[in-house]
Amino acid sequence: MRRRVGFAVVAAAATLALAACSGGGGDEPGSTGGGKPEKIRIGIKFDQPGLGFQDGSKYTGFDVDVARYVAKSLGYEEGDIEFIAAPSAQRETMLQNKQVDMIFATYSITDKRKETVSFAGPYFVAGQDLLVAADDSAITGPDTLEGKNLCSVTGSTSAQRIKDEYASGVNLVEQPGYAECVTALVAGSVDAVTTDDIILAGLAAIPANAGKVKVVGNPFSEERYGVGLPKDSDQCEPINEAITKMIDDGSWQKALDDNVGSTGYKPNADLNPPKPDACG
């Protein structure tokens, strides 16, 4: 009798142990039972060398490296990340529709965008500039673009700023990506391309463009790159903590040097590295 009772006690204890193990897994990575999602979907650019670029199954760039660092801080390994193309004109819609969990895609923080999405960061501050033909000495800044053909990307704020603030007579030519704008510049169908200086530096450094184009080097804005989030996201604080840690431990500077250091580009030292804003 004692032997049978002992066996029953052991069996009951084993059953309880198994139940405890299965019931406590909800907070573990990979869980779908109310804990952290198994995967994290991050929007990036696929066509911006040095920032967000897809080459087959490989993703490179400063934005991508910051995204990876933040994802790891949130508990995700490389294999848990799904990178999704986030074109400029679709970023707000992608966040509102929960197609992505966050966006690292040269996404400038603006009051208008804050009406529909949230931001963590900034993690970098760029400045709008111009890319022109290597032998062009006439275009020296935004106030020399009157009557010129200016290319930028659909949904970006860059070209509209020039039209509103500097050259009302400029002819805006919109393309789906900056690579198409540079192709038009090299072909002579547009006179200049405008976006943030760090983006232009990456484009100018592509071997196919080397010696054909140049960055004017006269920035005229402050573009604070933030991490785009859905309006109801609760990830702002942990993302800001990760960005601060990345800056403090030297990983931020290494990522910048690895991705755009060879172009000769130097970010504004008065604005970089930035301090993330307080989460609202």
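The values are calculated or read from the model by the stated rules, or taken from the named source; none is laboratory data. What you see is a predicted model; the values in this text were computed from it and never measured. In this analysis, Cβ positions are derived from the backbone assuming ideal geometry, glycine residues included, and neighbour counts consider all displayed protein chains.
Looking only at residues in the stretch 113-133 that are more than 18 Å from the chain's Cα centre (by Cα) and within 20 Å of Asp196 (Cβ to Cβ), the one that is surrounded by the most Cβ atoms within 10 Å (Cβ to Cβ) is Leu130. Take the residues in the stretch 167-179 that are modelled with pLDDT of 90 or more and crowded, with 17+ Cβ neighbours inside 10 Å, then tell me which one is nearest to Lys45 (Cα to Cα). Ranking the candidates gives Gln175 first.
When Ala8 is tested against (1) small (Gly, Ala, Ser); (2) modelled with pLDDT of 95 or more; (3) in a helix (DSSP H, G or I), exactly one condition is not met: (2). So, in the stretch 141-166, of the ones that are more than 27 Å from the chain's Cα centre (by Cα) and under 20 Å from Asn209 (Cβ atoms), which residue ends up surrounded by the fewest Cβ atoms within 10 Å (Cβ to Cβ)? Ranking the candidates gives Asn149 first. When residues in the stretch 85-107 are screened for being within 14 Å of the chain's Cα centre (by Cα), in a loop (DSSP other than H, G, I, E, B) and of a type outside the set (Phe, Trp, Tyr), 6 of them pass.
If you go through the stretch 186-201 and keep only what is assigned to a helix (DSSP H, G or I) and more than 25 Å from the chain's Cα centre (by Cα), you end up with Val186, Ala187.
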